[in-house]
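Trainee: Quick one: the structure is below, questions incoming.
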Amino acid sequence: MKTAIREMRESYGQAVANKAEGAANRAASLTGHATVPDASKKRTWRLGIDVGGTNTDAVIIDGDLNLVAATKRPTTEDVMGGIVAAMHEVIAQVGAEAARNIGFAMLGTTHCTNAIVERKRLNKVAALRVGAPATTAISCMADWPDELKDAMRVRDFLVHGGNEFDGREISALDEDEIREVARVVRDEGFESVAVTSVFSPVSDAHEKRAAAVLRDELGEDFPVTLSSEIGSLGFLERENASILNAALYDVARTTADSFEAALASEGLTDVAVYLGQNDGTLMSVDYAKRYPIFTIACGPTNSIRGASFLTQERDAVVVDIGGTTTDVGVLAHGFPRESMVAVEIGDVRTNFRMPDLVSVGLGGGSLVRQLDDGRVTVGPDSVGYLVTQKALCFGGDTLTATDIVVAKGLAEGVGDPALVADLDPALVDAAYAEITRIIEDAVDAMKTSAGDVTVILVGGGSILAPDALEGSDNVLRPENFGVANAVGSAIAQVSGQIAKVFSLSETPREQALTESKRRACDEAVAAGANPDTVEVVDVEDIPMAYLGDALCIRVKAVGDLKL
C-alpha cells in the first residue's frame, strides 16, 4: 500500500503535464502538427520555464511551435533548485542530441518578488531626489514598512533641480551636490542609486544628467535607476518603484547568472537567454539586469499569454489555478490587460506597469473545512506543494480541494479515488459548490460589462473548475492547460513601452505620437527584439485636464526574438 501511495505521489507532480507529454509523444502539437524533430531547423527550439508558488513548469517547443516535452516539478525554497530539476527533466525527455536544437531559453521567475516579500538579498540603496527647494513636505519612503527600509539600508538625499508640469525648471540642477552624494555613496558602500526628479515623465534631462555625473564619479558600470524609465506620473509612487528596482540589481544578476550556469550544466552554452516581464513579453538578460522590477508578476502574465496561444483566443478572461492561489486576468487583443491604478509591492505603493489581476486563495492544496453551523469553507490556507503528501487521495490526513474533485470523479489519473470514497456526498457537493462560487466571483470581478465572456482555464489546479461557469458562454480548457505558464514564457515576444507627458504648446500632438512610437520601438529592440519585426500594438493618448494643454501618451511595441 505504501509503495502504491508513493507512486501516486510521484505521478501527481506530472498529472497535468502528462497530457502535454502524451500529446508530444503522440506527435500531437500545440498547433496540430507533428512533433518529429526536423534536423534542418537547428537552434530554433525554445526552452520555457515558469516558477509558481507551488510548482515549477518547463516545456520545450520546436521551431514549428510544436510541444515536444513538458514537466512539472515542486518549487523549492531556493527557487533555483526547482528550475534546475524541471530543466533537467524536459531535456532528458528529448535527449541530449535533440536538445542541441535549443537556441532560446526563457525564464519567468519569482526571485525578485520573493526578495521584496522576504526582505532578503536586497542592495544597499541611495535614494537621490532631484527637486529642491520643492518636495520637502513629504520625505522619501515616508510610508514604507520599517523592516523593508532596514533590509535595504537605504539613505535618502535631496538636491536642487526638477521641473514643473510644463517642463520649466524648478531650479537648475546642482551638479556639485550630486558629486557630494557620489562621494558619500562611495565612502559608505552603497551598492546602487535610485534617481527621481520631479515631473521626469515630462522632462527627463535632469535625471539623465544626474546619472551621468554619478557614473563619472562612481564608474560607468555603477547601477543607477532612473525613475522616468520605471514609472509614470505620480511622484511618490514613481520614486518608490525606482528604489525597489535599485534594490533588486544583485538579485537579478545572480538569478540570470545561475540560470545561465544551469543551462551550461546541461550542455546549453550558446543559447539566447530571456527573462519574462510582467506585460506578457520577454526581455534580454542585460535588459532584465537593468530593470529587474519588471519581472514581478510575470507568472500570471505568462499564463495569460499561454492561454491565448493554446486556444487562439485574443479576448477572454483567463483563470489560472495553482496549488495555493487562483489568479484571474484579462486577455485584451492578445496581451494581458494592465492595471490602471497604483499597486502595492511588498506593502509599498508603486505606479509602474502591472497586470490587472484578481488573486484569491483557491488552489489544489486549499483546505476544506465544515464549520459547526454546517457551512463548508475552501481555503484560503493551503498545503501547497505538500498536497501529494497531505491530501487524502494520496494517503494523507488533510481534506483538500483536490480530494473534492477526485471524490466527484472529475480528476482522472489524480490520486486514488478509493481513499476518498467514504467522504460524505453532501460535504463533497457543498465544497464543490463553494469552489465554483469562488471562481465565478473572481471572473465577475474582472468583467467590464454585464454580458457573458469567454473563460479560459489553465494551471495544474484548473481541474477544480467546472466545465460551465455562470457569466460565461464559452469555457475553454485547452490541451496542455497544466503548463500554459511555461508555454507562455516560451512563445512570448519582446516588448518596449514608454509613458511620457508632452506639452502641446511645445510639441504638436502628431509629433508627440510619432516620437513616442519611435521610442517604444527602440525600447523593444533594446530589450532583444528583431528590429525588422517590431510593430506598435497599443497607443493611448490621454489629455491631462489638470495640467493645461498636457497630453500623456503611452505606447507599446512588440517584436519577435532575434533568430
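Trainee: For Thr448, work out the one condition from (1) within 30 Å of Leu226 (Cα to Cα); (2) modelled with pLDDT under 90; (3) among the β-branched types (Val, Ile, Thr) it doesn't fulfil.
Mentor: Among (1) within 30 Å of Leu226 (Cα to Cα); (2) modelled with pLDDT under 90; (3) among the β-branched types (Val, Ile, Thr), Thr448 violates only (1).
Trainee: Right, something else. Go through the range 59-143 and tell me which strands (runs of 3 or more DSSP E), entirely inside it, have 3 or more residues that are touching a Lys or Arg at 6+ places or on another chain (Cβ under 9 Å).
Mentor: 102-108, 125-132
Trainee: Further question on the same structure: Just one of the numbered conditions (1) surrounded by fewer than 21 Cβ atoms within 10 Å (Cβ to Cβ); (2) closer than 23 Å to Arg305 by Cα; (3) not acidic (Asp, Glu) is not true of Gln93; which one?
Mentor: (2)
Trainee: Does the range 483-497 include one or more residues that are among the hydrophobic types (A, V, I, L, M, F, W, C), in a strand (DSSP E or B) and within 20 Å of the chain's Cα centre (by Cα)?
Mentor: yes
Trainee: As an exercise: evaluate Arg238 against (1) in the same structural domain as His206 (by TED's automatic domain parsing); (2) basic (Lys, Arg); (3) without any contact (Cβ under 8 Å) to a residue 60 or more places away in the chain and give the number of the one condition it does not meet.
Mentor: Failing condition for Arg238: (3).
Trainee: Which members of the range 205-225 meet the condition of being crowded, with 19+ Cβ neighbours inside 10 Å and closer than 22 Å to Leu551 by Cβ?
Mentor: Selection gives His206, Glu207.
Trainee: So, in the range 474-499, how many residues would count as being surrounded by fewer than 24 Cβ atoms within 10 Å (Cβ to Cβ) and β-branched (Val, Ile, Thr)?
Mentor: 3
Trainee: In the list Val154, Val79, Val130, which residue meets the criterion of being modelled with pLDDT of 95 or more and among the aliphatic types (A, V, I, L, M)?
Mentor: Of the residues listed, the single one that is modelled with pLDDT of 95 or more and among the aliphatic types (A, V, I, L, M) is Val130.
Trainee: Turning to a different aspect of this structure: Answer yes or no as to whether Leu357 is closer than 16 Å to Gly488 by Cβ and hydrophobic (A, V, I, L, M, F, W, C).
Mentor: yes
Trainee: Further question on the same structure: Of all residues in the range 475-518, which are touching a strand residue (DSSP E or B) at 6+ places or on another chain (Cβ under 6 Å) and without any contact (Cβ under 8 Å) to a residue 60 or more places away in the chain?
Mentor: Those that are touching a strand residue (DSSP E or B) at 6+ places or on another chain (Cβ under 6 Å) and without any contact (Cβ under 8 Å) to a residue 60 or more places away in the chain: Val475, Arg477, Ile498, Leu504, Ala512, Ser516, Lys517.
Trainee: In the set Gly48, Gly53, which member is closer than 23 Å to Thr326 by Cβ, assigned to a strand (DSSP E or B) and not hydrophobic (A, V, I, L, M, F, W, C)?
Mentor: None of the others qualify; the one that does is Gly48.
Trainee: Keeping to the range 352-364, report how many residues are crowded, with 19+ Cβ neighbours inside 10 Å and farther than 12 Å from Thr326 by Cβ.
Mentor: 4
Yes/no matrix, rows are residues, columns are (1) on the phi > 0 side of the Ramachandran plot; (2) buried (at least 17 other Cβ atoms within 10 Å of the Cβ); (3) outside the structural domain of Ala550 (by TED's automatic domain parsing); (4) modelled with pLDDT of 95 or more:
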site: Glu164; (1), (2), (3), (4): no, no, yes, no
site: Ile170; (1), (2), (3), (4): no, yes, yes, no
site: Glu177; (1), (2), (3), (4): no, yes, yes, yes
site: Ala182; (1), (2), (3), (4): no, yes, yes, yes
site: Arg186; (1), (2), (3), (4): no, no, yes, yes
site: Glu191; (1), (2), (3), (4): no, yes, yes, yes
site: Val195; (1), (2), (3), (4): no, yes, yes, yes
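Trainee: At least 2 residues that are surrounded by fewer than 24 Cβ atoms within 10 Å (Cβ to Cβ) and within 26 Å of the chain's Cα centre (by Cα) in each: list the helices (runs of 4 or more DSSP H) lying fully within the range 366-461 that qualify.
Mentor: 425-446
Trainee: Let me ask something else about it. Assess whether Leu173 counts as being over 35 Å from the mean Cα position of the chain (by Cα) and not charged (D, E, K, R).
Mentor: Yes, satisfied.
The values are calculated or read from the model by the stated rules, or taken from the named source; none is laboratory data. Since this is a predicted model, take the numbers as computed values, not measurements. All Cβ positions, glycine included, derive from the backbone under ideal geometry; neighbour counts span all protein chains shown.
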